[in-house]
1. Just checking, does region 469-488 include any residue being part of a loop (DSSP other than H, G, I, E, B), of a type in the set (D, E, K, R) and either under 30 Å from Gln403 (Cα atoms) or modelled with pLDDT under 75 (or both)?
2. When only residues in region 204-242 that are β-branched (Val, Ile, Thr) and part of a strand (DSSP E or B) count, which is farthest from the chain's Cα centre (by Cα)?
3. What pairs come up if the first residue lies in region 356-373 and is over 17 Å from Asn294 (Cβ atoms), the second is among the β-branched types (Val, Ile, Thr), and their beta carbons are under 6 Å apart, counting only those six or more places apart or on different chains?
4. Give me a count of the residues in region 159-211 that are farther than 24 Å from Ile253 by Cβ and acidic (Asp, Glu).
5. Could you list all residues from region 350-379 that are crowded, with 16+ Cβ neighbours inside 10 Å and among the β-branched types (Val, Ile, Thr)?
6. Across region 264-293, which residue is surrounded by the most Cβ atoms within 10 Å (Cβ to Cβ) among those that are among the acidic types (Asp, Glu) and under 20 Å from Arg338 (Cβ atoms)?
7. Got a number for residues in region 491-513 being in a loop (DSSP other than H, G, I, E, B) and either loosely packed, with under 10 Cβ neighbours inside 10 Å or small (Gly, Ala, Ser) (or both)?
Amino acid sequence: MPDPTPTGSAPYTSQFDSFMEAVDNIVIPEEEQTYQIPVFKDVEFDPENVSISTEGTSATEIVIRSEKEFAISREIVAEEDDGTKNIINEQSRANVELVDLSAWLTTYLDTNLSYDNVVENATIFGAPEECQSFLDALRAIILAGKIQTIMKDNPRTYQDVLDGKLSYNETLVYEIEKTSPEDSQVIQRTFIPNLTKLELLRYIDTQVKYNKEYTYEIFAHQFIVGTEYTYKQLHPDAHKADFNVNYKASLKIARIPIFKQNARLLDAAPLPPNVELVPYKGVFNEFLINLSGNSGDIEEMPVIITDADADFYKKYREARGLDEDAPIRFANDDASGRFEIYRTDAAPKSYEDFRTSLYAIVGAVDVASASMKSKVQTNKKYYYTFRAIDQHDNRSNPSPVYQVEIVENSGMMFFLSSVYQFPTIEDKTTTARTFQRFLKINPNMIQSLVNMEETVGTQKDGSIAVAASAYAPLDNEVILGKAEQDVWEKNFKLRVTSKHTGRKFDINLTCKTQYNKQDK
């Protein structure tokens, strides 16, 4: 908000008389409230009788701006990918700048004082007939009698303070403060009045430089009708104390921080270039490389070759609020007429093997394509990859790796060119895990007992037949299970469900018995 520090003398204006008349009408009706413990008493609020007086006081001794610690609560609406909205409540403590509106009003009426309302690098939004500056907005509120109405409609006594009643407050103006780690002072302040028709504001900052970090912090200048009170005439005895409390309205404007975010202007990296490899007829030691800019708009994971690549992608993700492993947007939003050529004669295992193999940089900013002759040895394999560079020195992802060889045999030349595939790395990860300690399937005891009747048979009198030997049951097998329904040779399906993810899988099993006949 404009700096309310008195600095000198002010000329008389035509609005002064009406302004003073409006201020004189801002009075809190006096009320009496009597209690045995304690006794409360209202006092009249009159701008001419506030505690700060300019009589015999220099302008520099008047304290209008101060700072106090506030408990700040912020609610953040977070929207999930599925559209679900969650409200996150954040609690913090911070020192908040305060402007004593009562002191400002009092000193404003002194014609011997004036205020330096100049705020460096400030822009104030609002139609001229509504609000040209913060001071004009304040005058409009006073002259319209809004302060008087607010104070009458929202009284708060000392008893209300004890009961926890919150003071009346409303937002007068929003402030957007722009700073940068590269600058020691505030770059820009933008003030936006909180008008009744202001519902959603989209502020676009056009005064930014490419790849420069900025910090935007938004403040709400909150008008607060608080309660200032003092204790007087204390009369204590053995069991109680009677005293008077004088209280009055306290008009403050608090500069409360509500949002802060870093930002950086970066465009998308270009797409990999179009590549054409052309041999020369009868030339054994060189061929032509044609490169041109590509077109399109895609999102994919970046391929990092140099440390500069890692730094750019880190800044890009931070500027757009992306996760560390989020894909990057690649698009030809500006011309890419320069190209990097990487070459190695050792078969690469990944793009990292090209880190120290920059072969050449060709092209220019103001062109769309470039060409280069590449000298080679016959009967030797070379591996090439290419990257486009846009006007802001952003690099594209590398092109596919090209394997190139000029074969010479008995005076004949063969130009061999193909897309090289990196060797696959043996996957040593374990795709299975033991489940024994989580799940065990066993038949119960009655299903595991030997069924003697069916194993060795019965005689005509109903008695159990006796086998010749334990090694020689009647049907050459042992029958298990004495339950009415056995589980053997039957199919079962078991479904397992994860408690955490809800994913499911089925186990199909058959209960079988195996009779191992041992030698005698």
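1. Yes; the residues of region 469-488 include at least one that is part of a loop (DSSP other than H, G, I, E, B), of a type in the set (D, E, K, R) and either under 30 Å from Gln403 (Cα atoms) or modelled with pLDDT under 75 (or both).
2. Thr230
3. Note: pairs meeting the criteria are Ser357/Thr344; Tyr359/Ile341; Ala360/Ile341; Met372/Ile289; Met372/Val362.
4. Number satisfying all stated conditions: 4.
5. Answer for region 350-379, where residues must be crowded, with 16+ Cβ neighbours inside 10 Å and among the β-branched types (Val, Ile, Thr): Val362, Val376.
6. Top of the filtered list is Asp267.
7. Of the residues in region 491-513, the ones in a loop (DSSP other than H, G, I, E, B) are 498-503, 512-513.
In the following step, the residues that additionally are either loosely packed, with under 10 Cβ neighbours inside 10 Å or small (Gly, Ala, Ser) (or both) were identified as 498-503, 512.
Total satisfying the criteria: 7.
The rows are residues; the columns are (1) in the same structural domain as Phe415 (by TED's automatic domain parsing); (2) out of contact with any helix residue (DSSP H, G or I) (no Cβ under 9 Å at 6 or more places or on another chain); (3) part of a strand (DSSP E or B).
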{"position": "Phe287", "(1), (2), (3)": "yes, yes, yes"}
{"position": "Leu291", "(1), (2), (3)": "yes, yes, yes"}
{"position": "Ile298", "(1), (2), (3)": "yes, yes, yes"}
{"position": "Val303", "(1), (2), (3)": "yes, no, no"}
{"position": "Ala308", "(1), (2), (3)": "yes, yes, no"}
{"position": "Tyr313", "(1), (2), (3)": "yes, yes, no"}
{"position": "Glu318", "(1), (2), (3)": "yes, yes, no"}
{"position": "Glu324", "(1), (2), (3)": "yes, no, no"}
{"position": "Arg329", "(1), (2), (3)": "yes, no, yes"}
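The values are calculated or read from the model by the stated rules, or taken from the named source; none is laboratory data. As the structure is a computational prediction, the values presented were derived from the model and not from experiment. For neighbour counting, all protein chains shown are included, and Cβ atoms are generated from backbone atoms with ideal geometry for every residue, glycine included.
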